[in-house]
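Okay, structure first, notes after.
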Amino acid sequence: MKNLEIEKKLSLIFYVSPGRGEGGDGTKNSPFSSVKDAQSAMRKAIAEGLCGDAGIVFTGGKYYLDAPVFIGENDFDENHRIYYTSADGEDVCLVGGKPITGWSDSDGDGIFDADISSVGDFYTLFCNGKRMKAARSSDLSGEGIKDRSHLQAVYENSTAWFGEILKIKSISKDGIETHIKKCDWSGGITCICGAREFIKNAGDWAIEKNRVYFKPEDPEKINGCEIVAGKLGEIFTVRGKAEKPVKNIEICGFTLTMNAFGENLAAQARPANVLAEYDENINALVSFQNAENSAVANCKMTYAGYVAVTLRGSVKNCCVKGNLIENPGYAGIFLIGENPGSLNYCSRQNTVSHNKIRNAGEFATHGAGIYLINSGENLITHNDIDGVPRYGISLKGMRYGVFKDNGIEGVPFEEHWKYNQTTKNVISYNRISNTGIRSADGGGIEGWGMGRDNVIDHNMICGAYRGKASFNWRGHSIFLDDAAHYVTVTNNIICDETAPAVNAGIFIKSIGNYVVNNIFDVSFERNGAADIQPYICPAGESVFERNIVYSDCGGELEKDGSLIDGSGDRIMLSFGDGANSSGTPSLQSLRSMDKNLYFNKKGKALIDIESRMMTFEEWKTAEENVCGYDSESICEDPMFVDAKNRDYRLKEGSPALKIGIEPIDASQIGLTEDFLF
């Protein structure tokens, strides 16, 4: 990735070409041969006093790093920015792994092997820049395996909420024991991986003793392939101390790729009611910890073992911007303060913007494009997320009902918010598509047990559940799950174009959710715009006003989400109390519900009241409508410009305008023209 002519604005530059020759004085014609030498020179310059921004500039090439680039408390300046970047006009690729050479196929079976004595242990292999799949088997007996040292159990059931890969401690007739106990919500083992005996298909690989075995796609070309063992947990580690955070660091203009996956990827929920993320899970190509006013920008990041960028612990006023992130094993970007239950509100006021995230979560069915856990007051804007196993953007914390399970007792509900610090985040202008691919439920934007006062505004979400429907449950486009209180949801466009469908456009089940001026194209939403279904947390005082609920689908939706010929009648929204223990009936959980526009172009617009279907006019006067909802709502064509092609602009004279619905400008949603990739 070529940089943005940063060199021209730097007052001091030290050049480096890691691992190339010896010596060098840091000039462009004689660069340092190690990053440590360049950093030593920069530390001296900082101590003597900088007169402007400075940089460590990597000359063009591909570099296989032996250790992460560590940026610590002595590597920054209080008044000037220090850049780590590529030389102007040159492509720099930093690899978190070691090449493996010397391949041979002595018995001619198409499975090649190589000595890895000098490489050491690893759990991920790449060929020509792509991650290969560890050889696996559905036979869980372990019989006939010579070397069990790299065996891992894979929990990846499409009907489970979490997915895990856990190192196996023992296999016997009594079953499989892993070093880390599996999560209650991960389902059963689908397969085991990591044995030479499992190799069958092209791309399969495994380690046996001090050799690695690999079956290439084209055996005749193996000597021309770049085969790399993922070794480094991180490529850039920016880490200060709580009392002295690292400041004013910017990492930009690199290709960062192929770092390590480890022995385990364990689920967050452990045991079932405790949300605690494992440190190993959030290893990243770029990691910030105890950092302020720093950034990673305009980098291409591919095949991270776990996460592309992590902001962990005390990180404030940092920025992740303009990056292309592809195929991270767990998540694209992760913001996490301390695990839920802490009172130390240390992660806040960061910006994640203009990033393109593709195909996150290869190793975890609960993978996401962007995760926030105990991190607040962040701006998450203008990102484009496509292809994730569970969530596009997920906001996590700890719901009040499980405080006791986490050792927190005697806290009144009114005071519990200080423990939930995923608060006051603004999620805006993001384009999210094709989520929920491999999990029991999914969501474009999801929240569970987070803090209050988050804002979801001007996002476009399409295809929020793409997985295999299970027990008539698939999640929601905006998935305000348990204890997602006081969320403002405005000016969003929710749409879909193919089955299987999500349950509904939004879940309303908590306190004070403000759902106003959104467009819900419910052509493929099982329960229409909203599931209004309080559950086990306090509920009430929500608002559903000035929304457009529209369908132009035709046909009927089966329970599995498939479309069949039929009348085309469509549920506009659904009230339900089947699992309600909140103390607030669903039909009384809204403070107001009015001035909405409902329209089904090819059938009746229906309201589902505890599985009793009513037409719109029946609903307005129904005995069950005890609060007089929708008294000023209408059932008319909103007059979209071209809903079939996702153009939801309102034509002049639209009846939506007459009841106070405001047009939504979708032109600024997603990446902007200055995105480099």
Worksheet, complete the sentence: If every Lys and Arg gets +1 and every Asp and Glu gets -1 at its Cβ, then about the Cα centre the chain yields a dipole, in debye to the nearest 20, of 1020
Discussion item. Could you tell me the center-to-center distance, by alpha carbons, between the stretch 1-48 and the stretch 238-306 in angstrom?
Written reply: 24
Worksheet item: So how tilted is helix 35-48 from the main axis of the chain? Cα-based, degrees 0 to 90, rounded to 10.
Response: 80
Discussion item. I'd like to compare 18-31, 626-639: which one has the highest average count of other Cβ atoms within 10 Å, and what's the full order after that?
Written reply: 626-639, 18-31
Item to complete: Output the relative contact order of the chain, whole-number percent, from Cα pairs under 8 angstrom with separation of 6+ residues.
Response: 8
Practice prompt. Rank by packing, highest mean first: peptides 138-144, 215-221, with packing defined as the count of other Cβ atoms within 10 Å averaged across residues.
Written response: 215-221, 138-144
Worksheet, complete the sentence: By the mean-Cβ-within-10 Å protection proxy, highest first, 570-576, 66-72 rank as 570-576, 66-72
Worksheet entry | Rounded FRET efficiency, nearest 0.05, which uses the C-beta distance separating GLU5 from VAL626 and R0 of 45 Å | 0.10
Discussion item. Could you tell me which residue out of GLY463, GLY475, CYS225 lies farthest along the dipole of the chain toward its positive end? Charges go on the beta carbon: Lys and Arg +1, Asp and Glu -1, centred on the Cα centre.
Written reply: CYS225
Practice prompt. Evaluate 2.2 N^0.38 Å with N set to the residue count of the stretch 307-453, then give the Cα radius of gyration divided by it.
Written response: 1.01
Response to the item:
With the chain reduced to its Cα atoms and the Debye formula applied, log10 I(q)/I(0) at q = 0.06, 0.11 1/Å amounts to -0.37, -1.12
Worksheet item: Considering the dipole of the stretch 98-230 built from charges on the beta carbon (Lys and Arg +1, Asp and Glu -1) around the Cα centre, which of SER158, GLY142, SER186 is farthest to its positive end?
Response: SER186
Fill in: Those GluC sites (Glu not before Pro) in the stretch 51-97 that DSSP places in a loop and that have at most 12 other beta carbons within 10 Å
GLU78
Discussion item. Under a crude label model (7 Å from the Cα following the beta-carbon direction), how far is ASP25 from LYS241 in nanometres?
Written reply: 3.6
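None of the figures in this text is laboratory data; all of them are computed from the coordinates on show. Being a predicted model, the structure only gives us computed values, none of them experimental. So basically every Cβ, Gly included, is an ideal-geometry build from the backbone, and we count neighbours across all protein chains shown.
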